[in-house]
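Values quoted throughout were computed directly from the atomic coordinates according to the rules given, and no laboratory measurement underlies them. What you see is a predicted model; the values in this text were computed from it and never measured. All Cβ positions, even for glycine, are placed from backbone atoms using ideal geometry, and neighbour counts span all protein chains on display.
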Amino acid sequence: MGLLQNTAVPPRDRLERSFTAGDFIVILFIVALLYVGARLAFNAPAFIEGPQISLEPATLPWYTLLSVGRMLAAYFLSLLFTLTYGRMAAYNRRAEAILMPLLDILQSVPILSFLPIVLLGLSAFLPQRIAAELASIVLIFTSQAWNMTFGWYQSLTTIPKELREASAIFRLNAWLRFKRLELPFAMIGLIWNSIMSWAGGWFFLMAAEIFTVGSKDFRLPGLGAYLQEAANQGDFRAIAFGLAALITTIVALDQFVWRPLLAWADRFKVEMVESDEPPTSWFYDLIHASRLFLWAGSLFAQANEKFDHWMIRRAPIQADWKENGSKLNWKLVAFYVLIGIFILYGGYRAVEMLFSVPWLLWGQIGVGVLATFLRVSVSLIIALLWTIPVGVAIGTNRRVAAVLQPIVQVTASVPATAIFPVLLFFFINMTGGLNIAAIFLMLMGTQWYLLFNVIAGASAIPQDLKYTSALLGLSRWERWRTLILPALFPYIITGAITASGGAWNASIVAEYVHFGGQTLFATGIGSLISQATANGNYPLLLASTLSMIVAVVLVNRLFWRRLYKTAEEKYRME
Amino acid sequence: MATNTSTTPLLKLRHVQQIYTSGQRRFTAVQDVNLTIFEGEFVALLGPSGCGKSTLLRIITGLQKPSEGTVLYRDQPLRGVNPHATIVFQTFALFPWLSVFENVDLALKARDIPAEIRTPRALDLIDRVGLDGFETAYPRELSGGMRQKVGFARAMAVEPELLCLDEPFSALDVLSAESLRGELMELWTSGSIPTKAILMVSHNIEEAVFMADRIVVMDKEPGRIIAEVKVELPHPRQRKSDEFQRVVDEVYAMLAGQTESEAVELGSAPGEQGHTRALPKIAISDLAGLLEYLAELPNDRQDIYRLPEELNVDPNHIFSLTEAAEILGFAYVEKGDIILTSLGETFAEASIQARKEIFATRIRRLPLFRWLATLLSHSENRALDWDVIQTALELEFPREEAEKQLDTLINWGRYAELLSYNDDRELVYLETPLPAPQSVR
């Protein structure tokens, strides 16, 4: 089960440590960055009106194309970021000490908190349309990049030693190493992470295409804006059309892009045995055998040969040993000093800004964090309650799997935010309706991580242990207690870490909604962040974002990582 | 050119040392190695696992920089990966996503050889190692022996002057290993490859005697060269011949034959003067199995180098078992034979409980074990944290080795019912008081 490749869970050795000075510097750095964004935001024009979003179904193909284009641009940005950032972290020990905690914390920053920095920062010096377009792409990027980077970093650091030695002894230069060693080794993980990243992008598409900051109203024509506008107006016909367009797009991407890619990437697996059930794709089989494909392949081979030759000439290998005790590089030192000054000054001003937040609001923030924490916990518990039995059924029973697997996959691929308005319609008139709906949205957005992990865990239970427990005549409950639950434990923890992180991030869209011409909000930290953005209250935005980051990081380090360590040490079946 | 060794030195090692430091402790992996490899020579580096022979190979090829000393290649100091050397790896190190042809081709492409020269050369080499028809196969479709043939084809494709073999046959089954050895020797002795010298790392004595012109014998703790043996038998060599057997026995005597006084044999306790002897990492059931096997043979003895094949286990494992049997006084080694002592015989025939008792009396003699027992008996509740003991052991062993040693100590102690270990709390307990443990301080 490839979804296990999900690497929002950092590698083991990083899980061993708790807080370091690096974490503190990183948090200060992000706070400084947010502060600069807020400063820039003050300079943005006071009033902006976006273009009208048409709810005419005929506009949907065009809107869909625009959204896919934005997603694609953001994805390539993520890919570029992943390849460079992951490489730096994997090959430079000093950089790693800062870059990995930074990444860890960046993924806990909710997407909306990046909004003022990128959008208003950009529109301070770019034409408004271009700024909005770029901002949208960057926002989607922030929902796509992190897990890919983790995955790539992890692959780079786990390449077998003998393959590295072989590349050195056969004098592969940086390019050939990338092309023939690093990329192939990381390929399968990279594709699975890309699939997850696209899912993340769809989830936050609505938040990334239509947003108001104070009296500045930004809209971008696109599928996300269409769905948002339809929900705003309570237009169910438009919601239905929008959903249909979205699901069609997602299914098409799955069939024409991801499945073929997975089928193709099967060659990159490292195991030295043939797999029983390699991923298949009818589309891949179709194009793979076509004449056009072969012709393109031969053209590509020629270009490839020329390009390799050029790259080999351009980047001769550095065969010499690195000298011990490298000399002080003044450029690097200057860079560190600059970063240091930025952190100190930005941090100082940010703290100043934080002090301007009244005590009453801090109280609200505290209550908000607690409320969101409760919601996240409840959604996790519900997810655990249903995913464990269902996941075990799918993972241990081929017939059940054959029926449920495709259903689960399609359902999981639909972004919960798009269905959210429909749900709201049912919950809205209940007491605490938004509360229930918010938990529901968190649940829908994150339960799949758990389910896929449980399936993987259940199918990995060794057959002989199952036979043994049957031979011992263990009762159903005893079997669960002594075999199934312990065997699942590491998988459940891995899934729960991702799910919990996702649920916190989802709170910004779950706790604050525009629906049918009114704005609904529940008590919670996500809701505070959304309100602060909508009202252009930057000190509040900074304060609530910081609180959320600290809450998420604390929960991760103090709770999840300990469980993860126990799981790895005691329950791993290897 | 291959069989007549010239006097032109190809590679020289001058006072090469490899030292790893962990915390305060320095661990010498390779100590003061001086070695010259001449053109036309086939040299084998032979020694038990952990003697630094693989490290030495990595230093020779420039994959690793020695902590001290110089590597001269054609009298020029090496400053990075040696462009004239290649390696055939023990684990093949083929790229699983590249076909046989692409794996060989890649090595040539990296040297920027144009496709019209590259392709025929790669195909020719694949043909020569006998993989004609498998060009488009992927490594996972091939058997171990065939994979290693790809490894050889790749290494020879770049026409190295120095071909390094890192235990190339040890991951193969007996038959493939034997045929591959023969094929390599044919290529080498016929002079049909431009290779100037071959350096092979091995722990298989017979293999080294079969192939090499010169055998460099290494020992561990610290890794160093202890002897050199010239093998002047003509190729192809006859394993069954008396001369061959004589050389094998001679080499074996060098590797394991030295009998040392008990103090040296058992080593000293950690913190004491002298060297603490590391315990071999073996399972007691395997040791018991070996002793039982020997007890059923005439005269309770056997040629050690025959055992791997007879018992179908790795030669390294046999060495470790032999070492353990010697330390515990169950057997001794003489001229390449392992011979059961009467205690070993008793152990082999004893019941489970009696075996435990014999074992307990034997391990109480070991300074390392006595040290641990004293440490525990002076502690609160006669128990100590795993970490505490490991830290103490790290004064004597490098980190990883300390962990392994402690693991072995606990395993042996548990078998002897002298120690117990709680995995949840990571606590090591002393079960029964030792009869008058000597002061270790």
Residues of B:78-86, mean number of Cβ from any other protein chain within 10 Å of their own Cβ, rounded to a whole number? 4
Using 27 Å as the Cα-Cα cut-off, could you pick out the over-long pairs in A:Lys466/A:Lys570; B:Lys230/B:Lys335; B:Lys53/B:Lys281; A:Lys269/B:Lys404? A:Lys269/B:Lys404
Would you give the gap between the C-alpha center of the stretch B:328-394 and the C-alpha center of the stretch A:328-367, rounded to a whole Å? 60
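Say R0 is 30 Å: what FRET efficiency, to the nearest 0.05, do B:Glu116 and B:Gln76 get from their beta-carbon distance?
Values: r = 32 Å, r/R0 = 1.08.
Computed FRET efficiency for B:Glu116 and B:Gln76: 0.40.
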Rounded if a/c is under 1.5, else prolate if a/b beats b/c, else oblate: with a ≥ b ≥ c from the C-alpha gyration tensor eigenvalues square-rooted, which is chain A? rounded
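I'd like the mean, over residues of A:30-39, of how many other protein chain beta carbons sit within 10 Å of each residue's own Cβ.
Values: counts 0, 0, 0, 0, 0, 0, 0, 0, 0, 0.
Per residue, the number of nearby Cβ atoms from other chains is 0 on average.
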B:Lys356: which aspartates and glutamates have alpha carbons under 12 Å from its alpha carbon, excluding same-chain residues fewer than 8 sequence positions away? B:Glu417
One finds the C-alpha centres of the stretch A:376-417 and the stretch A:231-269 to be spaced, in Å, by 19
How far is it, in nm, from the label point at B:Leu233 to the one at B:Lys356 when both lie 7 Å from their Cα along the line to the Cβ? 4.8
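Treating only the Cβ of Lys, Arg, Asp and Glu as charged (+1, +1, -1, -1), what charge dipole size does the stretch A:74-227 show about its Cα centre? Round to the nearest 20 debye.
On the way: 12 positive and 8 negative charges, 98 e Å.
Roughly 480 debye, rounded to the nearest 20.
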Coil-residue trypsin sites (Lys or Arg not before Pro) of the stretch B:1-108, DSSP, other Cβ within 10 Å capped at 16: B:Arg74, B:Arg79
Measuring from a point 7 Å past the Cα of B:Glu68 along Cα-to-C-beta, which residues in the stretch B:390-409 have an amide N at less than 19 Å? B:398
Provide the gained length on full extension for the span A:Leu80 to A:Val410, in nm with one decimal, where the gain is 0.36 nm per separating residue minus the Cα-Cα distance. 115.9 nm
Neighbour counts of other C-beta atoms within 10 Å: give me B:Asp173, B:Asp300, B:Asp213 arranged from fewest to most. B:Asp173, B:Asp300, B:Asp213
List A:Phe218, A:Phe76 from most exposed to least, where exposure is judged by having the fewest other Cβ atoms within 10 Å. A:Phe76, A:Phe218
Distance in Å, no decimals, from the C-alpha centre of the stretch A:499-532 to the one of the stretch B:84-108 is 54
With springs only between Cα atoms under 10 Å, which of B:Pro168, B:Pro114, B:Pro66 fluctuates most in a Gaussian network model of chain B? B:Pro114
Theoretical FRET efficiency, 1/(1+(r/R0)^6), r = Cβ-Cβ of A:Leu65 and A:Val251, R0 25 Å, to 0.05: 0.95
Inter-site label distance for A:Leu558 and A:Phe293 at 7 Å from Cα along Cβ, in nm: 5.4
Which longest uninterrupted range of chain A lacks any trypsin sites (Lys or Arg not before Pro) assigned by DSSP to a loop state (not H, G, I, E or B) and surrounded by at most 13 other Cβ atoms within 10 Å? A:18-321
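Rounded to the nearest 500 deg cm²/dmol, what is the calculated helix-only ellipticity per residue at 222 nm for chain A, with -39500 (n - 2.57) per DSSP H run of length n ≥ 4? Numbers along the way, then the final one.
Working: 25 runs with 402 residues, N = 574.
Helix contribution divided over all residues of chain A: -23000 deg cm²/dmol.
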With r defined as the distance between the Cβ atoms of B:Glu349 and A:Arg398 and R0 fixed at 51 Å, what FRET efficiency is calculated, to the nearest 0.05? 0.50
Point-to-point label distance, B:His15-A:Arg129, nm (Cα→Cβ direction, 7 Å offset): 7.5
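Let me know the mean shielding of B:103-112 by other chains, meaning the per-residue number of their Cβ atoms within 10 Å of its Cβ. Can you show the working numbers first?
Working: counts 3, 0, 0, 8, 6, 1, 8, 12, 3, 7.
Taking all residues of B:103-112 together, the mean is 5.
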